[in-house]
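Novice: Sharing a structure, written as structure tokens. Questions coming.
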Amino acid sequence: MKRKIWIHKAKSFKKAEAFERSYYSSMSVAEKLDCMQYLREIYYNFGAFGRKARNASRKGLQRVIRVIQ
């Protein structure tokens, strides 16, 4: 998926916060989930430090079950 990179330059932190609130509130639920999934894939593919992660092929949310005795 190709994404456009754009920058919004604000004159103050309050104006930047107001822009972000209006931008994300105007998105549909599907668009918000798509954005979240995209960020997840970036994190799992490149990690916090730019390294290739071991489980880069994961597409869904990780589920963990542990049996404790």
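Only the coordinates and a few stated rules stand behind these numbers; no lab work does. Just so we're clear, the structure is a prediction, and the values are computed from it rather than from any experiment. Here Cβ is always computed from backbone atoms with ideal geometry, including for glycine, and neighbour counts include all displayed protein chains.
Novice: Can you compute 3J(HN,Hα) from phi for each residue in the stretch 5-22, using the Karplus curve 6.51 cos²θ - 1.76 cosθ + 1.60 with θ = phi - 60°, rounded to whole Hz and x for Gly and Pro?
Specialist: Going residue by residue, I get 9, 9, 10, 10, 9, 10, 8, 8, 5, 5, 5, 5, 5, 5, 5, 4, 4, 5 Hz, with x marking Gly and Pro.
Novice: Give a residue-ordered list of calculated ³J(HN,Hα) values for the stretch 26-39 (Karplus: 6.51 cos²θ - 1.76 cosθ + 1.60, θ = phi - 60°; whole Hz; x for Gly, Pro).
Specialist: Per-residue couplings from phi come out as 7, 7, 7, 4, 5, 5, 5, 5, 4, 5, 4, 5, 4, 5 Hz.
Novice: Which length gain, in nm to one decimal place, applies between Ala18 and Leu39 when the Cα-Cα distance is subtracted from 0.36 nm times their residue separation?
Specialist: On the way: separation 21, 0.36 × 21 = 7.56 nm, distance 2.20 nm.
Extra length from Ala18 to Leu39 when fully extended: 5.4 nm.
Novice: If you don't mind, another one. Return Arg40, Arg21 ranked ascending by Cβ neighbour count within 10 Å, so the fewest neighbours appear first.
Specialist: On the way: Arg40 15, Arg21 10.
Going from least to most buried by this count: Arg21, Arg40.
Novice: Take the Cβ-Cβ distance between Phe46 and Lys9 as r, set R0 to 30 Å, and report the resulting FRET efficiency rounded to the nearest 0.05.
Specialist: About 0.70, to the nearest 0.05.
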